[in-house]
1. Do we find a residue being at pLDDT 90 or above and touching a Gly at 6+ places or on another chain (Cβ under 6 Å) anywhere in segment 407-421?
2. Restricted to segment 64-81, and to residues that are touching a strand residue (DSSP E or B) at 6+ places or on another chain (Cβ under 9 Å) and among the small types (Gly, Ala, Ser), which residue is farthest from Leu192 (Cα to Cα)?
3. Go over the candidates Asp215, Asp186, Asp174 one by one and state the one that is on the phi < 0 side of the Ramachandran plot and modelled with pLDDT under 50.
4. Only residues that are crowded, with 24+ Cβ neighbours inside 10 Å and not in a loop (DSSP other than H, G, I, E, B): list them for segment 173-189, please.
5. Read through the list (1) touching a residue at least 40 places away in the same chain (Cβ under 8 Å); (2) out of contact with any Ser or Thr (no Cβ under 7 Å at 6 or more places or on another chain); (3) of a type outside the set (A, V, I, L, M, F, W, C); (4) over 17 Å from Val17 (Cβ atoms), then give the number of the only condition that Lys55 fails.
6. Run Ile477 past the list (1) under 22 Å from Val359 (Cβ atoms); (2) surrounded by 15 or more Cβ atoms within 10 Å (Cβ to Cβ); (3) touching an Asp or Glu at 6+ places or on another chain (Cβ under 8 Å) and report the number of the one that doesn't hold.
7. Mind counting the residues in segment 327-380 that are modelled with pLDDT of 85 or more, loosely packed, with under 14 Cβ neighbours inside 10 Å and more than 22 Å from Ile420 (Cβ to Cβ)?
8. Determine, yes or no, whether Asn472 is touching a residue at least 12 places away in the same chain (Cβ under 8 Å), polar (S, T, N, Q) and at positive phi.
Amino acid sequence: MVLKEIDSKQFRDMVRVATHRMGKNAEFVDTLNVFPVPDGDTGTNMNLTIESGAKAVAENASANVGDLTESLAKGMLMGARGNSGVITSQLFRGFYKATQGMKSLNAQELANAFSNGVATAYKAVMKPVEGTILTVARVAAQSGLNKANETDDVEAVMEAIVDGAKKALKTTPDLLPVLKQVGVVDSGGQGLVFIYEGFLEGLMGENFADRYQPDVDEMDEMINAEHHRDLNVQSQLSTKDIVNGYCTEIMVDLTADVPNKKPFNLDEFRKHLSEIGDSLLAVSDGEVVKVHVHTEHPGDVFQYGSQFGQLGKIKIDNMRIQHETIVNDETEQQESVEFAVIAVCSGNGVRKLFESQGVNRIISGGQTMNPSTADIVDAIKKSGAKKAIVLPNNGNIIMAARQAAEVSDIPVGIVPSKTISQGLTAMLNFDPDNSVEENVEAMTENLETVISGEITQANRDTQIDDVEVHKNDYLGIVDGKIKVDNVDLISATVETVEKMLNEDAEIVTIIFGRDANQSQAEKVQAELEAKHDDLEFEIHDGGQPVYNFLVSVE
């Protein structure tokens, strides 16, 4: 039987299954990250992006597909994180633009929508690169158009789109040499394939009831609601009234073999967990059990769950700290300023460095913690300013920042700083008496004069360019490229700085993170001073995660 139209119910199924499929495979997509450092968050970003869109669709009761695509696009826009998330949101922004006002979608309209999404996404990227998610989207859309010229079957068109996406994904290593060198396909492209596969499965309904239990999705929505209650409710509570202070989440793979594995019974499982915590949510589809519970003893939850299978997606939040932050935000007086500068960074020391240079508001985030478009918009609003500048300080956040600027109610300029060092240098040229445009120009002008270095540990063995990388060795990254692999932290840092020096080098700034200390930074300085007595050094306690040292040479 040929299916000629997609109605609102079918479109909801497509979105729901695609979201589930992306979430289920997010960790796998993360592992495809090319760099062997702990920053592989493509899958996480795409998952959070589509989850935001799916939530908006679930809240829209319209019977028109065009209204649902609008909700999907707007939800994804505000939830977009990282370049992969922003590009995905742009794909569905174009999809929505092509389907406005439509009650249902026929085969040609479906193909046109995917094609328009590609056009929108390519326009959003300043320098489109083939061999990425864009290539996968483009080839998939063209396959859909070709099929729509042959048939009016929407399932056949969606299947052609998936086939095209898979074929294009296989070509990404041929288009991007670094992918072939490492032996992976493009992570964003793989994520998009999972989303499109979910669309197809949701549309066709093959084994849908057996493979995708609705109560698992309901749990996700309930957990989401648990964490996004009205802030006014929080402000009425006292932190000391929180009895079970750790919001704990786990997922247990019941199909995995573990030593002394016990038979699983959901009712007994819930009963036991209810005795060690509250706000319990536990659901299972027979293969996986997902748990959310507030407890004083997260370790007891982990130990109990591990008796039934392999643990995955462990998450703990200290709700007392969260509550204090929420209350502080609620009672915080908005500073009435004409011009705000907002910076993205992590680490208390790095935060203080930016604040000392005149930054008004900090967005916590950076590598592995990319803030969403909505997070940046919220920071702009809370600044209380009439105009603002945003310093992303990470190449993977620039697109989300630009997207936030487009939807903000005040003029917002984006300085494309890709590192903490660039962001700090940009602040030297900020002038509150100048316009947004003048500041962006002045603050951007000297970004390329800053040589940025980062020291972190490798999380796997691989070969990048001419550098053989070994797991747990220290890597020296200079302006985004791995230049050093060394088993010793001090040696790796010294060697990295040596590669950063040029005839114009005068000042070396070393910011040590939470996995390094002042003494180690001073050892680095001493070794370099012995060879370069003309250099000046500055050492700061940044407290940043992921990177043992952040180094800049100016």
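The values are calculated or read from the model by the stated rules, or taken from the named source; none is laboratory data. In this text, all values refer to a predicted model and were calculated from it rather than measured experimentally. In this analysis, Cβ positions are derived from the backbone assuming ideal geometry, glycine residues included, and neighbour counts consider all displayed protein chains.
1. yes
2. Gly66
3. Asp215
4. Ser187, Gly188, Gly189 - these are the residues of segment 173-189 that are crowded, with 24+ Cβ neighbours inside 10 Å and not in a loop (DSSP other than H, G, I, E, B).
5. (4)
6. Result: Ile477 passes all but (1).
7. 1
8. yes
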